[in-house]
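The structure under discussion appears below in the form of structure tokens.
None of the figures in this text is laboratory data; all of them are computed from the coordinates on show. Values in this document were obtained by computation on a predicted structure and should not be read as measured data. As a convention, Cβ positions derive from the backbone with ideal geometry for all residues, glycine included, and neighbour counts pool all protein chains shown.
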Amino acid sequence: MKTRAHYFRRDGTPIEDVLEWGRLFGDLDYRFVAQDTLPNGRWVATIWEGLNQAVMPDEPPLIFETTVFSQKKPLGHELEQHHSATEAEALLVHRQMTEKWK
């Protein structure tokens with residue numbers, strides 16, 4: 001049985017060393033893909049998690065997360081969340097959620 005990777009770079013390539021993942025995750029410029037504070041105070045943030053959130057083994061690795069928060073500071077409660085497999089998909093979801101929640 002083939003073991004599936006758990007950690008991935010933003011370009012989707014596997015990371016074998018968890019220390020590399022930790023270094024990348026700690027780099028906020030690398031982690032944050034997009035963020036917008038909406039006129040109503042809601043905050044939409046899309047981040048690279050690098051940790052596969054896929055439930056089914058035949059799904060592509062879901063390594064990006066877009067979340068809508070009620071406010072940015074202090075961090076509000078989550079209103080909606082979506083996981084994406086690619087950065088392009090994550091940016092599309094970010095734009096859709098920004099439009100939906102403004």
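Hey, what number do you get for the chain at 222 nm if only DSSP H runs of n ≥ 4 count, each worth -39500 (n - 2.57), divided across all residues, to the nearest 500?
Values: 3 runs with 28 residues, N = 102.
That calculation yields -8000 deg cm²/dmol at 222 nm.
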Options (1) 21, 18, 10; (2) 26, 15, 11; (3) 18, 17, 13 are given for semi-axes √(5λ) of the Cα gyration tensor in Å, and the computed one is (2)
Karplus ³J(HN,Hα) for the stretch 87-102 (6.51 cos²θ - 1.76 cosθ + 1.60, θ = phi - 60°; Hz, whole; x = Gly/Pro) runs 5, 4, 5, 4, 5, 5, 4, 4, 4, 5, 5, 4, 5, 4, 9, 7
Expressed in angstrom and rounded, the centroid-to-centroid distance over alpha carbons for the stretch 61-88 and the stretch 1-47 is 11 Å
Checking rank on 74-86, 90-102, with mean other Cβ inside 10 Å and highest first, the result is 90-102, 74-86
Candidate cut points under GluC sites (Glu not before Pro) in the stretch 1-72, DSSP loop plus at most 11 other Cβ atoms within 10 Å of their own Cβ, are E16
Residues whose modelled amide H sits under 5 Å from the amide H of A54, counting only those 5 or more places away in sequence or on another chain, are L62
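With +1 on each Lys and Arg Cβ and -1 on each Asp and Glu Cβ, and nothing else charged, work out how big the dipole of the chain is about its Cα centre, in Debye to the nearest 20. Can you show the working numbers first?
Working: 12 positive and 16 negative charges, 72 e Å.
That gives the chain a dipole magnitude of about 340 debye.
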For the chain, averaging the sequence separation of alpha carbon pairs under 8 Å that lie six or more residues apart and dividing by its residue count, the contact order in percent is 24 percent
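Please compute the length gained on full extension between D58 and E80, using 0.36 nm multiplied by the number of residues separating them and subtracting their Cα-Cα distance. Intermediate results must be reported in sequence, preceding the final value.
Details: separation 22, 0.36 × 22 = 7.92 nm, distance 2.48 nm.
Additional length available on full extension: 5.4 nm.
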